[in-house]
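The structure appears right after this line, and notes come after that.
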Amino acid sequence: MGSVALPREEDLPQADSPHLVLAQSTPEEYLQTIRLNSVSWKGPLTLDQYIDREERLSKQNLTKDGALTSWILVDGRQEPNSRLILSSCETYRKPAYLAYQGKVEDIICHGIGSVFARSEFRGRGYAGRMIEELAKKLDTWQSENQPRKQGVFSVLFSDIGKKFYARYGWKPFESSHMSLPPLAEKHFQSSLELAKLPVAKSLTAEDVHESMCSEIVEKKNRNFLHVISQKSPGAKVSIAPDYDHILWHWAREAFYEDSGVLDKVQPQPQVRGAGVDHHHVYCSWTRKIGDSPTSNTLYILRVIYDEPSSPPEELATIEAIAAVLRRAQLEAHRLKMSNVEFWNPSPLVEKAAKLLDPNVQVVHREQSSISSLKWNGASQGLGGDVEWLWNEKYSWC
Ligand SMILES: CC(C)(COP(=O)(O)OP(=O)(O)OC[C@H]1O[C@@H](n2cnc3c(N)ncnc32)[C@H](O)[C@@H]1OP(=O)(O)O)[C@@H](O)C(=O)NCCC(=O)NCCS
């Protein structure tokens, strides 16, 4: 494949041509989309490694069994495998929660990623047409066997600012982060003592599963959604913060280890997060390759804690969160990461970070990883407003 001849510019179809359709890629076409978009996203990997990475990621619990769909914009009159790919993207079917007026429902949502148009075809409206078609398609995509036959919401993380996707219904949501520097071993202990912080324990993958994704935690999550949606009007949605999401991020990290781009962690088992049991404060993390080796980041995938019910409890919770963030800083140093980053910090997480560094600021992104959500709830009797809860790094795709 890859041998479809490029037409002369004047022979390219108009973006509003009735012949253009959004089609599912065949396996061969999927491979072609990966080859094409590798120029944007392979980073330090070779083309073959990048193809391997995508293949490995497509076989994770989160993506397998049809959860990942590859889409292409093509002329519907052309034959599969001989179609000229004008633009491409992927969607991930994800488990999600919808809470409205005290009722919590298990639903699916879709995450969109890898939106791409080859450089020769850019600025002709193809990506826009693809996204327009996708918006219609996702209204019912994979919903046949769901209690709700209409998609309730879908998300994407725009790296091209806030305008393009908003045109097609994906509105920008809170897209902020805080970052802390790595912390060397020799400063770690003294900094905990100085700030009178508890010592956070290290979490293995199994610990993360048990303390952050167990049935008990899931029950707590549902209960939280139930209560919050009774207290305030407007629907609340969340991508389910389940273990499959975390495993997907770790599979990505492992690929970079296996290909030698990231140091392999020795000895096993690897530290995957940190926690303070007493306050049920836990976080998990993953390493991510940045644009340059100096911007490799230890991303906190998610932070959880029990909501405190008194001022002393609140202070203790903030201190426990600070302790797990401190532990992440130490891990970042050990793993030669250039910073620790966490998305959309809650007020308590923000206070915890400020306890560690009074000068640390919340950064509001304007261009990259703009969390964007398309809400279809208004036509389903769920009101026009929606709040996206737990919008942390785990939900990125
Ligand atoms: C972004 C991309 C898919 C757009 O494809 P395209 O077919 O040229 O898109 P369209 O012609 O439909 O629309 C182009 C619009 O996107 C905007 N756009 C493209 N790249 C942009 C960028 N880096 N930042 C902000 N806006 C951008 C253009 O300004 C234009 O807006 P306009 O209609 O107001 O002039 C294509 O440039 C691409 O593949 N880029 C590399 C991969 C990438 O960054 N993908 C996006 C991931 S979120």
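Mind telling me which of the residues Ser70, Ser88 ends up being within 13 Å of the ligand (Cβ to nearest atom) and either open to solvent by less than 20 Å² (accessible area, probe 1.4 Å) or in contact (Cβ under 8 Å) with a residue 60 or more places away in the chain (or both)?
After applying the criteria, what remains is Ser88.
Can you tell which of Lys196, Lys201 is more than 15 Å from the ligand (Cβ to nearest atom), more than 22 Å from the chain's Cα centre (by Cα), under 26 Å from Val349 (Cβ atoms) and exposed (fewer than 15 other Cβ atoms within 10 Å of the Cβ)?
Lys196
Out of (1) in a loop (DSSP other than H, G, I, E, B); (2) touching a strand residue (DSSP E or B) at 6+ places or on another chain (Cβ under 8 Å), the odd one out for Pro308 is which?
With respect to (1) in a loop (DSSP other than H, G, I, E, B); (2) touching a strand residue (DSSP E or B) at 6+ places or on another chain (Cβ under 8 Å), Pro308 is out only on (2).
Looking only at residues that are part of a strand (DSSP E or B) and farther than 22 Å from Trp285 by Cα in the range 159-187, which one is nearest to the ligand (Cβ to nearest atom)?
It comes out as Pro172.
Out of the residues in the range 94-134 that are in a loop (DSSP other than H, G, I, E, B), open to solvent by 50 Å² or more (accessible area, probe 1.4 Å) and touching a residue at least 40 places away in the same chain (Cβ under 8 Å), state the one that is farthest from the ligand (Cβ to nearest atom).
Among those residues, the one meeting the criterion is Gln101.
Which residue pairs have Cβ atoms closer than 9 Å, lie 6 or more positions apart in sequence or on different chains, and pair a first residue in the range 222-236 that is more than 19 Å from Asp306 (Cβ to Cβ) and open to solvent by less than 40 Å² (accessible area, probe 1.4 Å) with a second residue that is of a type in the set (Asp, Glu) and part of a helix (DSSP H, G or I)?
none
Please work out if Ser179 is small (Gly, Ala, Ser), in contact with a Ser or Thr (Cβ under 7 Å, 6 or more places away or on another chain) and touching a residue at least 24 places away in the same chain (Cβ under 8 Å).
no
Could you give me the residue pairs with C-beta distances under 8 Å whose first residue belongs to the range 145-164 and is free of Cβ contacts under 8 Å to residues at least 12 places away in the same chain, whose second residue is more than 9 Å from the ligand (Cβ to nearest atom) wherever it lies, and which are 6+ apart or on separate chains?
Hits for this filter: Lys149/Thr140; Lys149/Ser143.
Among what's in the range 135-158 and is farther than 30 Å from Ala332 by Cβ and among the small types (Gly, Ala, Ser), pick the residue that is farthest from the ligand (Cβ to nearest atom).
So the residue we want is Ser143.
The values are calculated or read from the model by the stated rules, or taken from the named source; none is laboratory data. These numbers were taken from a predicted model, which means no experiment stands behind them. A quick note on method: Cβ atoms are made from the backbone with ideal geometry, for glycine too, and the neighbour counts reach across all protein chains shown. Protein only, heavy atoms only, side chains kept; ligands, DNA and RNA dropped before computing areas. Shrake-Rupley method; radii C 1.70, N 1.55, O 1.52, S 1.80 Å.
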